[in-house]
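All remarks here apply to the structure that follows.
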Amino acid sequence: MKKINIINLGCSKNLVDSEIVKGGLIGNNFQYVDDVEKAETVIINTCGFILSARKESIDTILEIAKMKQENKLEKLIVMGCLSERFEDELRKEIPEVDKYFGANKMSEVIKYLSSNRQKYDPIYSRSLMTKPHYAFLKISEGCSNKCSFCSIPIMRGKQVSRPLDEIIEEANYLVRGKHIKELIVIAQDTTTYGYDLKDNVGLFDVLKELDRISKVKWIRLHYAHPDHFDERIIDLISKAKRIIPYLDIPFQHVNEEILRKMNRQGNRETFTKLIREMRNKIPKLILRTTFMVGFPGETKEQFLELYDFIKEVKFERLGVFKYSEEQDTSAEKYDDNIPEKVKEERYNKVMELQQKISLEFNKKLVGSTQTVLIDEYDKNSKVAYGRTYMDSPEIDNNVIIEKELNEGEFYNIKINDFMEYDLFGEKNSKIK
Ligand code: SF4
């Protein structure tokens, strides 16, 4: 059995692709090894989103290519968004790579490595690379929006929604077959799910069906787009049994002129109205969002409008990106670029504000008892790391408990201390 290792870079959508390749190869008599040094074949699933992500992908390829030069590796395969876009350039620069595949080419990779012994099913042979108690559920691939700054549609193509019954079949298999307790619903834009399907289904229908799966504890929704938000979903989440009051909805900016240049809709008024309605109807709602600073032409006033909006809304979870000009995107035509120094200043100003907002939010949680899902127990430091419903894996905060607790189990944790982001607590009881 050939030993393989997969290095996944980039987003959770890429991770699902890596998991499908991993499962498909294990099903074709490959042995998966966690230690890249022990592998005979290494697959790098690359990200091409922005400059820093491309740099990380190239550095990783070069690092593994060195193993090939030193005859420590038989095969090096590169797949994903970076090779989807820059295969020719990569081939010239890094000839050590045996084969390049684009994005969404999981079956081609499996066929190539397993000499066409095609026996895998993207649902049933998917092999998770997350912790064993949570999994990402990708409901569509690609994106048909044309946000002017974004290169994802260039790499991932137009949106292709998966059939509803296939999504529910996979969800049931993950929950009943793999005992997943937390399902995280993802796509490039989850709110346009079904727009490309003939049968009149949408995200509302996906969530309604998922909420019926009795054994799952938490269903978490990511990548909602404010322009396409079906307000029936607000009522659905407010009454749901398993869909938690957590919503990731990147607004990107709030100034009308900047949003138009981003080829997005909305403004401060419409966003405030949507957020107010969500918070009024969904108790304990946690809003995660993403903003971009330094978009071409962003004046000081437009930035301050964004800053004031963040100060007023007090998002519980927030990420910021500095605009990075992307080749072949429509925003590339704008030449009134903001100096890097100014972008950095605006980025830091928003991060400092958000730290204060997060600190205030955490302060109010001291004394409360939270349901916490344990992701990890570190035997050396004797510390357990977990998450409340308010925290999505890998991107949000942790609850830190100095006690041996079981990974993948839920506990009632009494919060007794806090920092800007993380909370500290002690075990109250285990939840059955
Ligand atoms: S919604 Fe916009 S930002 Fe998100 S992937 Fe699609 S084009 Fe890119």
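The values are calculated or read from the model by the stated rules, or taken from the named source; none is laboratory data. All of these numbers come straight from a predicted model, not from anything done at the bench. Please note: Cβ atoms are built from the backbone with ideal geometry, for glycine as well, and neighbour counts cover all protein chains shown. Accessible surface is based on the protein model in full, side chains and every heavy atom, while ligands, DNA and RNA are left aside. Shrake-Rupley method; radii C 1.70, N 1.55, O 1.52, S 1.80 Å.
Might you tell me the accessible area per residue for the chain, computed with a 1.4 Å probe and given in Å²?
Ligands and nucleic acids excluded, the result is 45 Å² per residue.
Assign unit charges at the C-beta atoms only (+1 for Lys and Arg, -1 for Asp and Glu), then state the dipole size of the stretch 2-113 relative to its Cα centre in Debye, rounded to the nearest 20.
200
Per-residue counts of other Cβ atoms within 10 Å, averaged by peptide: what ranking do you get for 360-369, 134-143, highest first?
Packing order, densest peptide first, comes out as 134-143, 360-369.
Would you compute, from DSSP H runs of 4+ residues alone, the mean residue ellipticity of the chain at 222 nm, taking -39500 (n - 2.57) per run and dividing by the full residue count, rounded to the nearest 500?
One gets -10500 deg cm²/dmol as the mean residue ellipticity at 222 nm.
Any idea which of LEU137, CYS147, LEU304 is furthest toward the positive side of the dipole for the chain, if Lys and Arg beta-carbons carry +1 and Asp and Glu beta-carbons -1?
Selected residue: LEU137.
Report the charge-dipole magnitude of the stretch 134-363 in Debye, nearest 20, computed about the Cα centre from +1 at each Lys and Arg Cβ and -1 at each Asp and Glu Cβ.
Charge dipole of the stretch 134-363: 1160 debye, to the nearest 20.
Taking the Cα centre of the chain as origin and charging only Cβ (+1 Lys, Arg; -1 Asp, Glu), how large is the dipole, in debye to the nearest 20?
1380
Of ILE94, ILE431, which has the most accessible area with a 1.4 Å probe, and how do the rest follow in descending order?
ILE431, ILE94
Quick one: P(r) of the chain from all Cα-Cα pairs, 20 Å bins, percents rounded to integers, in order of increasing distance.
In order of increasing distance, the bins hold 24, 57, 19, 0 percent.
Give me the net charge for the shell around ASP396: Cβ to Cβ below 12 angstrom, other residues only, Lys and Arg +1, Asp and Glu -1.
Net charge in that neighbourhood comes out at -2.
Hey, which of these cross-link pairs are over 23 Å Cα-Cα: LYS2/LYS68; LYS284/LYS363; LYS178/LYS241; LYS131/LYS356; LYS208/LYS281?
Cα-Cα > 23 Å for LYS131/LYS356; rest within.
So if we plug the beta-carbon distance of LYS208 and ARG176 into 1/(1 + (r/R0)^6) with R0 = 25 Å, what FRET efficiency do we get, rounded to 0.05?
Approximately 0.85, to the nearest 0.05.
When the solvent-accessible surface of protein heavy atoms is calculated with a 1.4 angstrom probe, in what order do ARG279, ARG387, ARG85, ARG232 fall, highest first?
From most exposed to least exposed: ARG232, ARG279, ARG85, ARG387.
Of the peptides 306-316, 213-223, how do they stack up when ordered by the mean number of other Cβ atoms within 10 Å, highest first?
Ranked by mean Cβ neighbours within 10 Å, highest first: 213-223, 306-316.
Too long at a 24 Å Cα-Cα cut-off: which of LYS92/LYS138; LYS105/LYS217; LYS138/LYS314; LYS72/LYS92; LYS55/LYS99?
Cα-Cα > 24 Å for LYS92/LYS138; LYS105/LYS217; LYS138/LYS314; rest within.
Out of all DSSP beta bridges in the chain, what portion is antiparallel? Express it as a percent rounded to 5.
Around 35 percent of the beta bridges assigned by DSSP in the chain are antiparallel ones.
With a point put 7 Å past each Cα toward its Cβ, work out how far GLU231 is from ASP328 in nm, to one decimal.
3.9
What distance in nm separates the two pseudo spin-label positions at ASP165 and GLU404, each 7 Å out from Cα along the beta-carbon direction?
That separation, rounded to one decimal, is 4.9 nm.
For a quick protection proxy, order the peptides 158-168, 330-340 by their average other-Cβ count within 10 Å, most packed first.
Going by the mean number of other Cβ atoms within 10 Å, highest first, we get 158-168, 330-340.
Please state the relative contact order of the stretch 33-132 as a whole percent: Cα pairs under 8 Å, 6+ residues apart?
Dividing the mean separation by the residue count of the stretch 33-132 yields 23 percent.
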